[in-house]
Amino acid sequence: MLGLRCLVPIALCLTLGVLPACNAKPPEPVRVVAFLDASSSSVRLRPQMTAFLEDFVGRLDRHLDKLVVYRLAATVGLIYSGEAWRGPALRNNLAAYIKEPARKGTSYGAALERAAQEARGAEAEKRRPVILLLGDAADEPGPGCKNIDRKALPGLVRKMGESAILAFVFADPTDKFSDTFTAFQDAFGASYDERLQFSTPESEARHTVRNFLLAKLKR
């Protein structure tokens, strides 16, 4: 009798022609960690950056996925932590971020260190870490700022784990960023084309990165 009970769901799937769906592997839980540039050079991009983040979060599973949002200035400050959901808490905090005065300096080096910590926490929860750096990707000098140390990138990438995905969105394609991105490619090694992305502020470039991430996450 137990064998017949086990066969009933399979027979139903065959009848409805949805056997692949019955055997489909569920999406992998993720933790999205976003850093919003709060420096003067990215002020004009704030509405677009928050819109990108809300759009991306809206395509995630609020019951499965987690979201952490940081403000990136001379130091890294928490804006939101909780469900991956475009609810009032997230929207209110993003609206407040848009209205904040520009901060002096950006510590992309500090952001990457925090990203590595978050990635380790995500993997401990059996979630895939997705790191979004939203801003022009330009280190700006300021009191207490910690810039990207290219020599330290291989170690940081290892700390992020083998499943972490890193994306620069709204990056200003300067020669300096190009050199930095090349250093990231070297740090990621053979997996860089599967785990490392960047876009300029243009909408088509942003959408390409968004669609890549959603496809990788099966969302």
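Hey, can you tell me all the residues within region 143-169 that are closer than 16 Å to Y108 by Cα, over 14 Å from the mean Cα position of the chain (by Cα) and not in a helix (DSSP H, G or I)?
Hits for region 143-169 are P143, G144, C145, K146, N147, I148, D149.
Would you say L90 is over 25 Å from D139 (Cβ atoms) and in contact with a Pro (Cβ under 6 Å, 6 or more places away or on another chain)?
So L90 does not fit the description; no.
Which residues, counting only those in region 85-105, are surrounded by 20 or more Cβ atoms within 10 Å (Cβ to Cβ) and either at pLDDT 95 or above or among the aliphatic types (A, V, I, L, M) (or both)?
Selection gives L90, L94.
Report, ordered by the first and then the second residue, all pairs with beta carbons closer than 8 Å, sequence separation of six or more or different chains, a first member in region 191-219 that is of a type outside the set (V, I, T), and a second member that is surrounded by fewer than 11 Cβ atoms within 10 Å (Cβ to Cβ).
S191/E162
Consider region 180-195. How many of its residues are basic (K, R) and surrounded by fewer than 18 Cβ atoms within 10 Å (Cβ to Cβ)?
Qualifying residue count for the region: 0.
Please indicate, with yes or no, whether at least one residue in region 143-161 is closer than 23 Å to A215 by Cβ, surrounded by fewer than 15 Cβ atoms within 10 Å (Cβ to Cβ) and charged (D, E, K, R).
No, that holds for no residue.
Quickly run through region 70-106 and pick out the residues that are closer than 22 Å to K151 by Cβ and within 17 Å of the chain's Cα centre (by Cα).
The answer is L72, V76.
Restricting attention to region 96-113, which residues are part of a helix (DSSP H, G or I) and without any contact (Cβ under 8 Å) to a residue 40 or more places away in the chain?
Result: A96, K99, A110.
Please work out which one of (1) of a type in the set (A, V, I, L, M, F, W, C); (2) outside any strand (DSSP E or B); (3) touching a helix residue (DSSP H, G or I) at 6+ places or on another chain (Cβ under 8 Å); (4) under 20 Å from R46 (Cα atoms) is the condition A116 fails and give its number.
The failed condition is (4).
Which residues, taken from region 196-216, are of a type in the set (S, T, Y), assigned to a loop (DSSP other than H, G, I, E, B) and surrounded by fewer than 19 Cβ atoms within 10 Å (Cβ to Cβ)?
T200
Based on this model, can you work out whether L134 counts as crowded, with 21+ Cβ neighbours inside 10 Å, farther than 24 Å from P27 by Cβ, modelled with pLDDT of 95 or more and in contact with a Leu (Cβ under 8 Å, 6 or more places away or on another chain)?
Spelling it out, it is not the case that L134 is crowded, with 21+ Cβ neighbours inside 10 Å, farther than 24 Å from P27 by Cβ, modelled with pLDDT of 95 or more and in contact with a Leu (Cβ under 8 Å, 6 or more places away or on another chain).
Condition first: over 21 Å from F212 (Cα atoms), outside any strand (DSSP E or B) and either touching a residue at least 60 places away in the same chain (Cβ under 8 Å) or out of contact with any helix residue (DSSP H, G or I) (no Cβ under 6 Å at 6 or more places or on another chain) (or both). Now tell me which residues in region 124-142 satisfy that.
Answer for region 124-142, where residues must be over 21 Å from F212 (Cα atoms), outside any strand (DSSP E or B) and either touching a residue at least 60 places away in the same chain (Cβ under 8 Å) or out of contact with any helix residue (DSSP H, G or I) (no Cβ under 6 Å at 6 or more places or on another chain) (or both): A124, E125, K126, A138, P141, G142.
Across region 111-142, what is the number of residues that are under 16 Å from the mean Cα position of the chain (by Cα) and on the phi < 0 side of the Ramachandran plot?
22
The values are calculated or read from the model by the stated rules, or taken from the named source; none is laboratory data. Fair warning: this is a prediction, and the values are worked out from it, not measured in the lab. Virtual Cβ from ideal backbone geometry, glycine too; neighbours counted across all protein chains shown.
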